[in-house]
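Below you'll find the structure, written out as structure tokens, and then a few comments.
What follows is calculated from the coordinates using simple rules that are stated; it is not laboratory data. Treat the numbers as computed from the prediction; the structure is a model and nothing was measured. Positions of Cβ are backbone-derived with ideal geometry, glycine not excepted, and every protein chain shown enters the neighbour counts.
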Amino acid sequence: MGLPCPHCGAGLLPRDRFCAACGGSPTTVAPSPVAPPARGYEEPRHDNNSGTGGPAPPEVLGWNWGAFFLTWIWGISHGVWNSFVVIILGIIWQIVLGAKGSEWAWKSRRFASVQQFKDTQRAWAIWGWVAMFLGFVLGVIVGLMFVALAATAGLGSNSFNF
């Protein structure tokens, strides 16, 4: 193994950016347990293991509308490359992305905190809903244009001559 983690003592490899046991950074030194923290010092949180492939905390799990609606675009932003499977499997993979997207995003991209992760996913969800709404409106407008075009060209339901 390598050096022990300064936070929990677990063994670290030289390439490790975070301790797999506690999530702490091996480059920071843990405060001495006997010395009180310095004024204005906030105890670092070691539960942020985003971007390390470690397990996602329960508060970030759940349905992800951004992944569901924006599929591969969301996947590129979060480094979730299996989002491109949606090109082959369509709606089935959209549902999988919606269900597992938050967990996959947490594991593959570094976030400063759980709150930043939630804020980011909320923004993606909002844009996903906006894109879906605009797509629906555009579809209705195009459909109405075809109906109007058919009516003005005299292409009613009984006027097709084959």
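Tabulated data
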quantity: Test: residue in the stretch 139-150 that is under 30 Å from residue 13 (Cα atoms) and out of contact with any Leu (no Cβ under 7 Å at 6 or more places or on another chain); calculated: no
quantity: Count of the stretch 108-126 residues which are over 17 Å from residue 57 (Cβ atoms) and more than 11 Å from the chain's Cα centre (by Cα); calculated: 1
quantity: Elements of type helices (runs of 4 or more DSSP H) in the stretch 58-162, at least 2 residues being surrounded by 15 or more Cβ atoms within 10 Å (Cβ to Cβ); calculated: 65-78, 91-108, 114-152
